Amino acid sequence: MSLAKLSIIQLREKLDKSEIKPSDIIADLKSQITKIEPKIKAYAHLEEAAFSTEFKSSLLKDIPIAIKDNICVKGQLTTCASNILTGFRPPYDATVIQKLKSAGAVIFGKTNMDEFAFGSSTEHSFYGPTHNPWDLTCVPGGSSGGSAASVSADTAICALGSDTGGSIRQPASFCGVVGLKPTYGRVSRYGLIAFASSLDQIGPLTKTVSDNAILMNVISGYDPKDSTSVNVEVPDYTKSLINDIKGIKIGIPKEYFVEGMDSDVKKAILESIELLKKLGAEIKEISLKHTEYAVSVYYIVATAEASSNLARFDGVQYGLRVKENSLIEMYKATRQDGFGKEAKRRIILGTYALSHGYYEAYYLRALKVRTLIKNDFANAFKECDCILTPTNPSPAFKIGERLSDPLTMYLSDIYTISVNLAGIPAISIPCGFTKNKLPIGMQLLSKSFNEEMLFRVAYTYEQNTTWHKEKPKI
Amino acid sequence: MAISKKDLIHVAYLCRIGLDEAELDSLTKELEKIIEYIDQLKKVDIKNTSPTSHVLPLKNVYREDKTIPSLDPKEVLQNAPFKKDNFFKVPKVIE
Amino acid sequence: MDYETIIGLEVHLQLATESKAFCGCSTKFGAGVNTQTCPVCLGFPGSLPVLNKKVLEFGIKVGLGLNCQIQNFVKFDRKNYFYPDLPKNYQISQYDLPLALDGFLNIQLKDYEKKVRIKRVHLEEDAGKLIHVEDTSLLDYNRAGMPLLEIVTEPDMNSPQEAFEYLKTLKAILKYLEVSDCDMEKGSLRCDANISLRKFGVKELGTKIELKNMNSFRAVKQGLEYEVNRQAKLLDEGKKIVQETRLWDELNSVTSLMRTKEEAQDYRYFPDPDLVPFILEEAQIKEIKNNLPELPEGRKKRFTKDYGLSNYDAEVLVEDKALADYFERCNKIYPKAKNLANWITGVVLAQMNNRNKNIGDLKLKEKDLVELISLVDEDKISGLLAKNILTDMLESGKTASIIVQEKNLLQISDTSSLEKIIEEVIAKNQLSVKDFKDGKNNAIMFLVGQVMKASSGKANPKIVQELLRKKIS
C-alpha cells in the first residue's frame, strides 16, 4: 500500500522500526500526487519539499505536512491564492512553521484556498477551484478546501488550515477528515496572513483524531510575537485520547435543529447522539439564544477587520503592481486586477461598515451582539461539558451552484461561525455519509482552552465507528 | 439601510478598488441584499451590553525595549515590483 | 483693524527608545536606506505588532510632566488611509481614548505668565520617508514604526510670541524628562499650528488655517507672524478666510497654499484587534509620578531660592538642562553661586552661542572654569583678560593657569612696575589730565584704559586708578 495513505502514527511506527526511509514517504506522496492532483487540484504551489535539518526525536520527525497558502513559509510562494500576491516569497517563517520545522516535520506544498480565506467552497481561488475527492463535481468546502481535499485524497499526510468562521471544520466535514479550530490565542497567528484578526486561528486537518492531537502538541503555545496569544501551559493532548466518555454531559442546542437541515445530515447526527448516549454520555438540550444573529455579526466584524488588514496589498512593496502613471490610479488598478470578486465584495462591505456614519450602526452594534453570543456559550457551558452540532446543515454542494448567491453561501456557515465569535475551540469529525456517498461532519464545541474535552469525545466516537476508515474512490 | 450606487463609488474610493460599470451594478445589488439581511441586528436589545473587541480578557502584553537585528535590505526588497537602489519606487506622489 | 489671534499647536515627538514602537528594529538616526526594517514595521503580510513597554512609560511620563490625567484604560486604534509612506495603509494610533487628557503648562513672557492647556497626549507610530525625484517617489521605511507622541494644546495662545514661548517651555520639560532629543533638524520634534483671527469681543472662532513645514521654533514664530498679517489684511479688505493648509516657505519668508480642506477625511478608526488593552493601575502611575525628575519650573524656583540667583539667570540656566546641571556641578567646587551664574550666563553662554555648541560639546571641565574664575577673584588676572584666556582655553585645551604662565599674563599689581607706565601715559595724554583736573570724571577711565593697553591688559585696573588719582591730584 502507498505510504501516502497512512496516518502520522502509522508512518511513525514504520520510521521508528526503520521499515521505511523518510524519502520513501515523499516518493509515495509524489506518485499519489501525480495520479490524483490533476483531478483534485488541492495545491496552489508544489515546490521542492524542505527537509528539516534538526535531528530532534519527535513524533513529527520526517513527516510531510501540507500548508494552507495563507501561512508564511520562508522563501516559498505564499499567495493566499490571490493574484495580488503573485510571486510573493516571505523572508520569514510563521511561528507554526518554525515549530513544525524544529519538530523535524517536512514542509510539503501550499494548499489551495478561497482567496484570502474569503469563502466556503475554495471556488474563489485565483488558481481555480479544488474538487471534492468524494465527488469531483462538488466543492471540497472552504476556505481550507485544499488542505481538506489533500488529506482526504491521500495527497497529503496531514495539513494546516486556518479557521475564521468555519474554514477548517466545514471543509473537513465536506471531505470526511478531522479538523480542529483551537481556542483563540492557543496557536500563534504570527505569519498567518490575516483575514479577520480577532477571529482567525490556525489548526490541523488530519486523517484521525490522534493525528490531530499530535499536531496540536507541536503548534500550540504562547508566542511573544503575537500579543493575542495566551501564556498558559499547553497540555499533552495525546493524553486525552481516551476511549471513555462516561458521565460527560453533551449539550444539544435546540436553535440548531430547525428548518433547513438536510435530512441525511439530520439522520446522521441523531444516530451519532444515540451512539454517544450508549457510550455513557449524558445528553441535554441547551439553548444558544442569539444564534440567528451570528451570521450578521460575523459578516460585519470579519469584513471590517479584513478591509483594514488587506489595505496593505497596494502594489508598493510586494506582489502585483499594475503600472499606471499616477499613484491613485496605480492603487485602484492594482487592487481591481489583484483581488477577485469575493475579496472586493468583502473589502467594500467592511469599508462601508466602518465608514463615517455607519460605525455605530453596524460595527459597534455587531461587537455588542457578539458579547451576547459569547455569553450564550458561557451560560451553556455551565450545564454541559461540550456541545454537539452538525458541522454544516448540508453536505458538499456542486461547484458553481452558489456562486451567484453570496448570501446563501454565507448563511450555510451558521453552525460554525458562532464558535469564532466566542473564541472557543471546536472539532469536526466524520459521522456518516449521505445517500450519494458524501461525507457528513459532526461538530463538538467546548469551553476555551479545553481542547482536551474535544479530543476525548471525538476519539471515543472515532474508536466506536468506522467512518474515518472509508476512502474516496477517485 | 439601502446602499446606493453613489455610496458604493465613495466606499470603493476609500478602499482604492477600481470597479467597472458591470461590477458596480452587480455589487450594488449584492450588497443591498446583504445589508438588508444584516439590518436584522437592529432588533437586538443591546442597551446594557458592552462591545467585545477581544474574546479573551488579555491585557498589558508588551515586550522590553531591546533591539533585534533587522532584515537584510536584500530580503526587504526581494519582492518589490519596482525599486531603485535600496528604495521602493512608486509613481510620483503629488501632495 | 485689530484682531484677536487664536493659536493652537500640535507637536509630534519622537520618543528616544532603543527599539521601535512595535518591533525590535533600531531607532538610530542616519542608518542606510531600509536597513532598519523588519516584517513588522514593513507591514509584511502575517506580521503582528507587540508594544514596546518603554513607549508607554515615556508617554505616561510626558502626560504627568504636562499635568495631565493619565487614563487607566489604554487601547490602540487603527487610522485607515492610503499613503505610500504608511506600510500597512493604516497607522496604529489612539482615537477616542488617548493616553493622557486635560493638562497644562505655564509659560513665562516678558511681563506676564500664562497657562496653556494641553488637550490630549496620545501614542502612535511614525510613517516612512518619501523622497521625490523627477517623475517618481522613493520610499525608505527606516522611520516607519518609530514611536511618536502627539501633544495637542487647546487654542490658548494669542500671539506668535506665546507660541514660541510655549514650544521653548515644552522642549525644556521634555528634555528634563529625558524622553526625546527634541531635535527639530532631525525631525524628532515636529510642530504644526492652527491659527485664526477674530474681532475682539466676538465669541465664535474665525476660520482656521493649518500651518506646516516649520523647521525651527523661530520658523514657527515667523510663519505665524506672517499669517497674522496676511489674515488681518484679508479681513480688513472684507474678504473671507478659506479653511486650508499652508506651508511656511523659509527661503522667501512667506506661507503658501498646500491644499484647501477637502471633504472631511474618513479614517474609519476601530480598535486594533492585534493589540490588547493596557490597564494602568493607580499605584503604577503614582510610582512613575514619584520618580519624575525635577522639572524646569521647580528647578527655577529652587535656583532663585537656594542660590539667590536672579530670575533672569535662573531662567537662562534652567531652560538648558545640561547647562543648569553644569552650573550645579561647578557650584559644588565653587560656592559663590551668583558670581558663578554670572559667568555661565555671560561669558560661557557667549562662547556656546559663538561656536554654536552646547555645553557638553564645549568640553570645558568644571574645575577649569572654576580655576579661571578664581584667578580673577584673586586679582591675578583681570576680568577683561579672562575672556580672552577662556577663548584660548577652548581652542588649545590648556588650563587657565598654564596659559597665564606661558604667556606671562599675571596681573601686575606692584606699584613700582606700574608707576613707570603711568608716568609715560600721563606725559602722552596731557589733555585728558587737564580734563580730569577740570572735574571731568570720565577722563580718568580713558587714562586707565591707556595704561591697560600699554601693559597688554596685565595691569590691575583698580590699583592703576588709585595710582593715577594720586599722581594727578
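What a 1.4 Å probe finds exposed on the stretch A:402-465 is 48% carbon and sulfur by accessible area, rounded to a whole percent. How tilted is helix C:366-377 with respect to the longest principal axis of chain C? Cα atoms for both, answer in degrees (0 to 90, nearest 10). Its long axis makes an angle of about 30 degrees.
Across every pair of non-identical alpha carbons in the stretch A:302-365, the mean reciprocal distance, once inverted, gives a Kirkwood radius of 12.5 Å. At q = 0.05, 0.06, 0.07, 0.10 Å⁻¹, work out log10 I(q)/I(0) for the protein assembly as shown with the Debye formula, treating every Cα as an identical point scatterer and leaving solvent out; two decimals please. Ignoring solvent entirely, the Cα scatterers give -0.43, -0.57, -0.71, -1.18. Cross-linked pairs C:Lys168/C:Lys301; A:Lys181/B:Lys43; C:Lys171/C:Lys221; C:Lys168/C:Lys321; C:Lys221/C:Lys363: Cα-Cα separations exceed 24 Å for A:Lys181/B:Lys43; C:Lys221/C:Lys363. Backbone amide hydrogens, once placed in the peptide plane, bring A:Lys284 within less than 5 Å of A:Ile250, A:Gly251, A:Ile252, excluding anything fewer than 5 places away on its chain. In this assembly, the B-A interface accounts for approximately 5500 Å² of buried accessible surface in total, computed with a 1.4 Å probe and without ligands, DNA or RNA. Backbone phi angles across the stretch C:29-38, fed through the Karplus curve with coefficients 6.51, -1.76 and 1.60 (θ = phi - 60°), yield HN-Hα couplings of 7, x, 6, x, 3, 6, 9, 10, 9, 8 Hz in residue order; Gly and Pro are listed as x. Take every DSSP beta bridge whose two residues both sit in chain A; close to 70 percent of them are antiparallel.
In degrees, nearest 10, range 0 to 90: what is the angle between the Cα axis of helix C:383-396 and the longest Cα principal axis of chain C? Rounded to the nearest ten degrees, it is 50. The stretch C:249-308 and the stretch A:68-118 have Cα centres spaced 41 Å apart.
Treating r as the C-beta distance of C:Asn229 and C:Lys110 and R0 as 25 Å, the FRET efficiency rounds to 0.70. If you roll a 1.4 Å probe over chain B with all protein chains in place, what percent of the accessible area is carbon or sulfur? Carbon plus sulfur share of accessible area: 54 percent.
Cross-link check: pairs C:Lys365/C:Lys407; B:Lys66/C:Lys186; A:Lys5/A:Lys341; A:Lys246/A:Lys289; C:Lys88/C:Lys119 evaluated at a Cα-Cα cut-off of 32 Å; pairs beyond the cut-off: A:Lys5/A:Lys341. Working note: Cα gyration tensor of the stretch A:133-188, eigenvalues times five, square-rooted, sorted largest first, giving semi-axes of 20, 12, 8 Å. Scalar couplings 3J(HN,Hα) for the stretch A:139-152, obtained by applying the Karplus form with A = 6.51, B = -1.76, C = 1.60 to θ = phi - 60°, are 7, x, x, x, 8, 7, x, x, 5, 5, 5, 5, 5, 5 Hz; x denotes Gly and Pro.
Cα centroid separation, the stretch C:334-407 to the stretch C:410-435: 29 Å.
Separation of the alpha carbons by more than 30 angstrom is noted, of A:Lys39/A:Lys278; A:Lys39/B:Lys33; A:Lys30/A:Lys68; A:Lys225/A:Lys469, for A:Lys39/A:Lys278; A:Lys39/B:Lys33; A:Lys225/A:Lys469.
Scaled to the globular estimate 2.2 N^0.38 Å, the Cα spread of chain A, given as radius of gyration, is 0.91. Given a 10 angstrom Cα cut-off, can you work out which residue in B:Ala12, B:Ala22, B:Ala80 is the most mobile in a GNM of chain B? Maximum fluctuation in the GNM of chain B, among the listed residues, is at B:Ala80. Of the trypsin sites (Lys or Arg not before Pro) found in the stretch A:197-259, those that fall in a DSSP loop while having at most 11 other beta-carbon atoms within 10 Å are A:Lys246.
The values are calculated or read from the model by the stated rules, or taken from the named source; none is laboratory data. Owing to the predicted nature of the structure, the values given are computational and were not obtained by experimental measurement. All Cβ positions, even for glycine, are placed from backbone atoms using ideal geometry, and neighbour counts span all protein chains on display. Side chains included, ligands, DNA and RNA excluded: accessible areas come from the protein's heavy atoms. Shrake-Rupley method; radii C 1.70, N 1.55, O 1.52, S 1.80 Å.
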